[in-house]
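S.K.: Here it is, the structure, as structure tokens.
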């Protein structure tokens, strides 16, 4: 056995990977899609959302943070795991204020796309309708916490890609929210609309102004193809 | 054998889902062959005259009349299908759920920028007007709903495929492209 390759299985399919990868990275490399929300390639994994939960030797773990290992048995595409993922997506829908019919990112929203892929016809848990704050102080961008799923992508992108540290988390549990690193809202930060942190939001929480509704219905990223197809159609080179 | 009976209702929404039902084009001729319509805004039958096999519900529940008729539908229909964002989630009308009802009414009838001075001071409360509920509720929070068809509106294909599957007693499997929240 080579020290530079580990071999394991995902849903019975043999996968080979470099030993320094996570399960999610190794799966991506061979064209196996593990549903995910807070994970984004090029950012360190956050491990917040738990949508990428898989079972390793029967135990649930985060695929985005769990390293590959020789001989592990990974379960991913099972009804049990999809049902847990559906529950997470459903809770995110009812905890936020997501009005899809009037939202400018409908059709390219990853939360919505996950719901479609997992065939969640509608959330059935009671909606919270919590009051959330909007920050429209910046001339070019706005932050609508009604649509935030607390994935922390903007927090990580601002720190690691933009080297700016514009966003953070404040409070805990149900009161947790995205904070802005200034005394007077987004306008008092050094954020620009071209920052990487502006392009990583999976929903319509962090949006560039005056760019909405530009793609017609039918041509938006998830109108015809499920989220994850871009990974599944990748050439497998194992 | 008599035809299966279908009834439809519209609550708080825009009637777009009923428009989408009519958008099945020439299949409407097949529909007339397949089913008999009872209480529905399409034929303007006001009251149930017989037991209904499939009830189709559009819109969220925002007032006492909505709630009463929805409960009546549950009582008369063997299968209840909620269609469209408003019936499933409250939809756009439920945006008012983020503001207390009193504030909504005061903004609309007392303090809003378009309120003319001679009309100030009157929040409508005639007994003939349905009383608004504190929030707009999805249908499944008021009665048991058997099937959900998402979309704003669901496409004619979504509604047609679902209806045909239910009439044939087949499982309701929607293709990826037919599951949409907008």
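S.K.: Given the conditions (1) within 14 Å of chain A (Cβ to nearest Cβ); (2) touching a residue at least 40 places away in the same chain (Cβ under 8 Å); (3) over 13 Å from the mean Cα position of the chain (by Cα), which single one is not true for residue B:100?
M.R.: The number of the failed condition is (2).
S.K.: Another question, then. As an exercise: evaluate residue A:165 against (1) touching a helix residue (DSSP H, G or I) at 6+ places or on another chain (Cβ under 8 Å); (2) farther than 30 Å from residue B:87 by Cα; (3) surrounded by 15 or more Cβ atoms within 10 Å (Cβ to Cβ) and give the number of the one condition it does not meet.
M.R.: (3)
S.K.: Kindly indicate whether residue A:222 is within 14 Å of chain B (Cβ to nearest Cβ) and surrounded by 13 or more Cβ atoms within 10 Å (Cβ to Cβ).
M.R.: Values: within 14 Å of chain B (Cβ to nearest Cβ): yes; surrounded by 13 or more Cβ atoms within 10 Å (Cβ to Cβ): yes.
Yes.
S.K.: Still on this structure: Can you tell me which of (1) within 14 Å of chain A (Cβ to nearest Cβ); (2) under 13 Å from the mean Cα position of the chain (by Cα) is the one residue B:66 doesn't meet?
M.R.: Residue B:66 satisfies all of (1) within 14 Å of chain A (Cβ to nearest Cβ); (2) under 13 Å from the mean Cα position of the chain (by Cα) except (1).
S.K.: Evaluate the following for residue B:176: is it facing chain A (nearest Cβ under 10 Å) and without any contact (Cβ under 8 Å) to a residue 12 or more places away in the chain?
M.R.: yes
S.K.: I'm told residue A:32 meets every condition in (1) crowded, with 20+ Cβ neighbours inside 10 Å; (2) under 20 Å from residue A:154 (Cβ atoms) except one. Can you identify the failing condition by its number?
M.R.: (2)
S.K.: Count, please, the residues in the stretch B:14-44 that happen to be more than 21 Å from residue B:153 (Cα to Cα), without any contact (Cβ under 8 Å) to a residue 24 or more places away in the chain and within 19 Å of the chain's Cα centre (by Cα).
M.R.: 1
S.K.: Could I ask something else about it? Residue under question is residue B:55, and the condition is that it be within 14 Å of chain A (Cβ to nearest Cβ), crowded, with 23+ Cβ neighbours inside 10 Å and at pLDDT 95 or above; does it hold? Give the steps one after another, and end with the answer.
M.R.: Numbers: within 14 Å of chain A (Cβ to nearest Cβ): no; crowded, with 23+ Cβ neighbours inside 10 Å: yes; at pLDDT 95 or above: yes.
Judged against the criteria, residue B:55 is not a match.
S.K.: Now, a different point. Pick from the stretch A:193-209 the residues that are out of contact with any strand residue (DSSP E or B) (no Cβ under 8 Å at 6 or more places or on another chain) and either within 14 Å of another protein chain (Cβ to nearest Cβ) or free of Cβ contacts under 8 Å to residues at least 60 places away in the same chain (or both): which of them is surrounded by the fewest Cβ atoms within 10 Å (Cβ to Cβ)?
M.R.: Filtering the stretch A:193-209 for residues that are out of contact with any strand residue (DSSP E or B) (no Cβ under 8 Å at 6 or more places or on another chain) and either within 14 Å of another protein chain (Cβ to nearest Cβ) or free of Cβ contacts under 8 Å to residues at least 60 places away in the same chain (or both), the one surrounded by the fewest Cβ atoms within 10 Å (Cβ to Cβ) comes out as A:194.
S.K.: A further question on this structure: Please go through the stretch B:115-135 and pick out each residue that is within 24 Å of residue A:101 (Cβ to Cβ) and either more than 10 Å from chain A (Cβ to nearest Cβ) or assigned to a loop (DSSP other than H, G, I, E, B) (or both).
M.R.: Just the residues of the stretch B:115-135 that are within 24 Å of residue A:101 (Cβ to Cβ), to begin with: B:130, B:132-135.
B:130, B:132, B:133, B:134, listed by residue number.
S.K.: Could you pull out the residue among B:80, B:88, B:70 that is closer than 14 Å to residue B:145 by Cα, at pLDDT 95 or above and in a strand (DSSP E or B)? Spell out how you get there, then give the answer.
M.R.: Values: B:88 fails: in a strand (DSSP E or B); B:70 fails: in a strand (DSSP E or B).
The conditions single out B:80.
The values are calculated or read from the model by the stated rules, or taken from the named source; none is laboratory data. Model, not experiment: these values are computed from the prediction. Virtual Cβ from ideal backbone geometry, glycine too; neighbours counted across all protein chains shown.
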